[in-house]
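Reviewing the structure listed below.
Any read-out appearing in this document is the output of simple, stated calculations on the displayed coordinates, not a laboratory observation. For clarity, every value in this text was computed on a predicted model and none was experimentally measured. A quick note on method: Cβ atoms are made from the backbone with ideal geometry, for glycine too, and the neighbour counts reach across all protein chains shown.
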């Protein structure tokens, strides 16, 4: 390659030629001295009031710079190396430069991906908040219409029963929406002890809850709004599949760096063959497919998405005994209290 040979010859010629170290040092001294002298003149012309110590340092700097030999300060390594040693050192310097460039590129890529992730999480939080606001209006209108129908005496008993059921479901949805709007959303953190203490206030009334919060305040790397949505899905599933005698047991176990929230109901349970399938979109269990239970198969899928987005896990725990209900495990990182 002609251009490669030419480049190599020019590099060798440049390294073999005498290096003007003294000239470079003197030029650097002159430049620094001129800068300080110009600064001193500008300050005097503008009449700037400075402390005596500061003005003295500015005036003394040019004198101190002219008192030392620049090549001993700025070029001690280059002036002490032979040309042969410099030529041998050049590949190592180039390799070091390329390595630093690669590390910088990796860091820039990681930083860019982290910013995109944070922007995506913020976008989802904003969308969720807007959705809660949007749903509140039609829910309120539908609830008011049902209340007026309930006051009518001409409705058959069957229609009245379905009307009461629809009114109750709308009431639960309204209460959940109001809770979401009141929850803080500026930080992906919350305190679990007080959160679980308030859980019965928005849980379905016909669901018997047994809650065991942690003994001490525990801060988690998840927002209260996000955890509310996840637990709402689990509570709703327990109520739907366990029937009128639905019971739900919630307890907490701590780990070195995280917390495990256990949620277990007394329903028919979930077979091992459906253990992972229940977290896929639009999957419906046996009872739902047979028409015994309503649903679109999105609840558990959305719940897991909400948890994994903040680095957590949501999984179904295998039961050693039959007919012991569904046992879900929510694992989230723990934070130190600010």
Ordering of 254-261, 98-105 by packing [mean C-beta count within 10 Å, highest first]: 254-261, 98-105
Nearest-0.05 FRET efficiency for residue 319 and residue 282, computed from C-beta distance (R0 35 Å): 0.90
Ranked 263, 252, criterion: other C-beta atoms within 10 Å, fewest first: 252, 263
